[in-house]
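The values are calculated or read from the model by the stated rules, or taken from the named source; none is laboratory data. Computed from a prediction, not measured in an experiment: that's the story for all the values here. Every residue, glycine as well, gets a Cβ built from its backbone with ideal geometry; the counts of neighbours run over all protein chains shown. What goes into the accessible areas is simple: the full protein's heavy atoms, side chains included, and nothing from ligands, DNA or RNA. Shrake-Rupley method; radii C 1.70, N 1.55, O 1.52, S 1.80 Å.
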Amino acid sequence: MSTIVDIADAVVESLNGGTFSQTFIAQRLYQPTFDLSEMDTLHISVVPKSMTVESAARDGTFHDCAVDIGIQKKVSDDPAQIDALMDLAEEISDHLKMRRLEGLPGAVWLSIQNEPVLAREHLEQMRQFTSVLTVVYRVKR
């Protein structure tokens, strides 16, 4: 399988094996599109995003693979629900940072970015919390 798909699958496995304040089953998806009626359930989607290949001296290349982790759920007007989902996004970030992926010992964690922290248009238009973490791992090939 491709390097980025292997990384996305390993991220799913890591998240599903972790302990978090809210229960979920992460899934690798290419197009995380859901009906609004499905959003009462927490969705954690892992989506391959990009890959950059650079020289690693004469004997190989570095493949920097970015995957997006979408955190989505329909919420009410209660700010405590949004706070809990913001906490979950940070828990997921803390779970992945500085950690190697099980089954991919050659993949080295590089960075995590959280943008948007909260997609305001989703909240305003659909009463849906959406946050996206982008995690980058490097693999030498």
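Values computed for the structure shown
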read-out	value
Pick from the stretch 72-82, criterion modelled with pLDDT of 95 or more and polar (S, T, N, Q), ranking: least open to solvent (accessible area, probe 1.4 Å)	72
Residue in the stretch 82-101 that is in a strand (DSSP E or B) and either in contact with an Asp or Glu (Cβ under 8 Å, 6 or more places away or on another chain) or closer than 28 Å to residue 141 by Cβ (or both) present	yes
Residue that is farthest from residue 140 (Cα to Cα) [pool: residues in the stretch 57-71 that are in contact (Cβ under 8 Å) with a residue 60 or more places away in the chain and open to solvent by 20 Å² or more (accessible area, probe 1.4 Å)]	68
Considering residues of the stretch 83-117 that are of a type in the set (A, V, I, L, M) and touching a helix residue (DSSP H, G or I) at 6+ places or on another chain (Cβ under 8 Å) only, the residue most open to solvent (accessible area, probe 1.4 Å)	117
Pairs with Cβ under 7 Å, 6+ apart, first in the stretch 118-141 and without any contact (Cβ under 8 Å) to a residue 60 or more places away in the chain, second of a type outside the set (Ser, Thr, Tyr) and in a loop (DSSP other than H, G, I, E, B)	127/75; 129/75; 129/118
Of the criteria (1) in contact with a strand residue (DSSP E or B) (Cβ under 6 Å, 6 or more places away or on another chain); (2) farther than 21 Å from residue 28 by Cα; (3) part of a loop (DSSP other than H, G, I, E, B), which one residue 53 fails	(3)
Candidate set from the stretch 22-60 (those that are of a type in the set (Ser, Thr, Tyr) and under 21 Å from residue 113 (Cα atoms)); member that is nearest to the chain's Cα centre (by Cα)	45
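Here is a yes/no grid of residues against (1) at pLDDT below 95; (2) open to solvent by less than 30 Å² (accessible area, probe 1.4 Å):
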{"site": "16", "(1), (2)": "no, no"}
{"site": "20", "(1), (2)": "no, no"}
{"site": "26", "(1), (2)": "no, yes"}
{"site": "33", "(1), (2)": "yes, no"}
{"site": "41", "(1), (2)": "no, no"}
{"site": "47", "(1), (2)": "no, yes"}
{"site": "55", "(1), (2)": "yes, no"}
